[in-house]
Amino acid sequence: MNESNKEQLSAFIDGEHDSNQTIDKLIHDQEMKETWSRYHLIGDCLRDNLPERISNQVYTEVSQALRDEPTVLAPQTTKRFNIKPLAGFAIAASVAMVAVFSIQSNNQTAPAINGGLPIAATTTAQAQSFDFSAPQILPASVKMSDTPESIADQRLNNYLMNHNEYRSTNGMNGILPYVRMVTIEIQE
Amino acid sequence: MADKVTDKQLIERVKNGEKAAYDLLVLKYQQRIINLVSRFVRNQSDALDVTQEAFIKAYRALPNFRGDSAFYTWLYRIAVNTAKNHLAVQNRRPSGNNYDVSEIEQIEGADALKEQASPESLLMKDQLQATVLKAIEDLPEDLKTAIMLREIEGLSYEEIAGVMECPIGTVRSRIFRAREAIDNEMKPLLEN
């Protein structure tokens, strides 16, 4: 081992020489390996890192033991698929889909049933075309003597009751229609 | 930092299947780890066994070493855990209070024999330290300063160049020459 190699080794020990050639020499050249060991021993000695008895026994035995060990091979670094953002997106998309479909079905079914007919007429039609398990509420009769406000209220109530009866069969709306009914009654 | 760069390159080699690169890490850290383990395990022979076990454990676990911490920090933890496990196993064993005097003599004699049987364990720390310190005293001042700043203060070549007001190449050369001079004094001691 020449002076130049030794100087490169010294710099490599200090992390100041980055060369694969030096590592190759170090791995295969026994003399260089011994120099590597002694240079480190100097450092350990100066930093007072030495045990009471200096021994090369550990190196000898570990080296021997590793001959029988399977070669360490690092697993290939595969890019991990991060599922979190996609899962969040999927949940958001599902919620959006449910919301869109529920709104669409509510908007489409109601006009189709009512069909622009007067409330009194549609209520009967609904009772015929749907099998309601709940008792039917018949349209309230409109008295001519009532004031325009009360007539409007009655018609609105009738509409709401009929509408609510239909809507309550739609599982998607849950308790919301009843809440609306109660609200109107309270206002009255 | 310097250690981290060198270790990283060697670890990469080991991970790529070059077992021999691991020998270099063992040679580099064996004294430090023996010293560490000896603080837990008093018996010299046991300390060597525990150190050996720690290095083998580290080798097996190396694929899991991600390099977030320095290799020595990681190895240090493995060595401490191995030493603690060794002590726990020792404590679970039945106590040896039932030995008679002749048995104790035999056991002590066996330990002494085992230690003498290893030719590498003849050199004492004090001997080596005395030799190294004498070699450093005999160095020219510029070499002595360079090697002390590097090995004791842990400065980089650039920092040493700043302190000593000289080019980095000169620092590199001074540190190498200092090492060579110390090594020339130390080598006969290790060979004997």
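Listed here are the residues, each with its yes/no results for (1) touching a residue at least 40 places away in the same chain (Cβ under 8 Å); (2) β-branched (Val, Ile, Thr).
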| residue | (1), (2) |
| --- | --- |
| B:Ala130 | no, no |
| B:Lys134 | yes, no |
| B:Ile147 | no, yes |
| B:Arg150 | no, no |
| B:Glu153 | no, no |
| B:Glu159 | no, no |
| B:Val163 | no, yes |
Being modelled with pLDDT of 90 or more and in a helix (DSSP H, G or I) is the filter here; which residues of the range B:1-20 pass it? B:Asp7, B:Lys8, B:Gln9, B:Leu10, B:Ile11, B:Glu12, B:Arg13, B:Val14, B:Lys15, B:Lys19, B:Ala20
Does any residue of the range B:178-186 turn out to be modelled with pLDDT of 95 or more and more than 14 Å from A:Ile42 (Cα to Cα)? no
Can you run down the residue pairs with Cβ atoms below 7 Å, 6 or more apart or on separate chains, where the first is in the range B:41-56 and without any contact (Cβ under 8 Å) to a residue 12 or more places away in the chain and the partner is not in a loop (DSSP other than H, G, I, E, B)? B:Gln52/A:Val58; B:Gln52/A:Glu61; B:Gln52/A:Val62; B:Ile56/A:Val62; B:Ile56/A:Ala65
Would you mention how many residues in the range B:146-157 are within 9 Å of chain A (Cβ to nearest Cβ) and in a helix (DSSP H, G or I)? 5
Considering residues of the range B:11-27 that are within 7 Å of chain A (Cβ to nearest Cβ) and touching a residue at least 12 places away in the same chain (Cβ under 8 Å) only, the residue farthest from A:Leu26 (Cα to Cα): B:Lys15
Residues B:Ser45, B:Ser69: which one is part of a loop (DSSP other than H, G, I, E, B), surrounded by fewer than 22 Cβ atoms within 10 Å (Cβ to Cβ) and not basic (Lys, Arg)? B:Ser69
Could you please give the count of residues in the range B:39-77 that are modelled with pLDDT of 95 or more, over 16 Å from B:Val14 (Cβ atoms) and within 7 Å of chain A (Cβ to nearest Cβ)? 3
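The values are calculated or read from the model by the stated rules, or taken from the named source; none is laboratory data. Every value quoted in this text rests on a predicted model; they were computed, and no experiment measured them. Neighbour counts run over all protein chains shown; Cβ positions are idealised from the backbone, glycine included.
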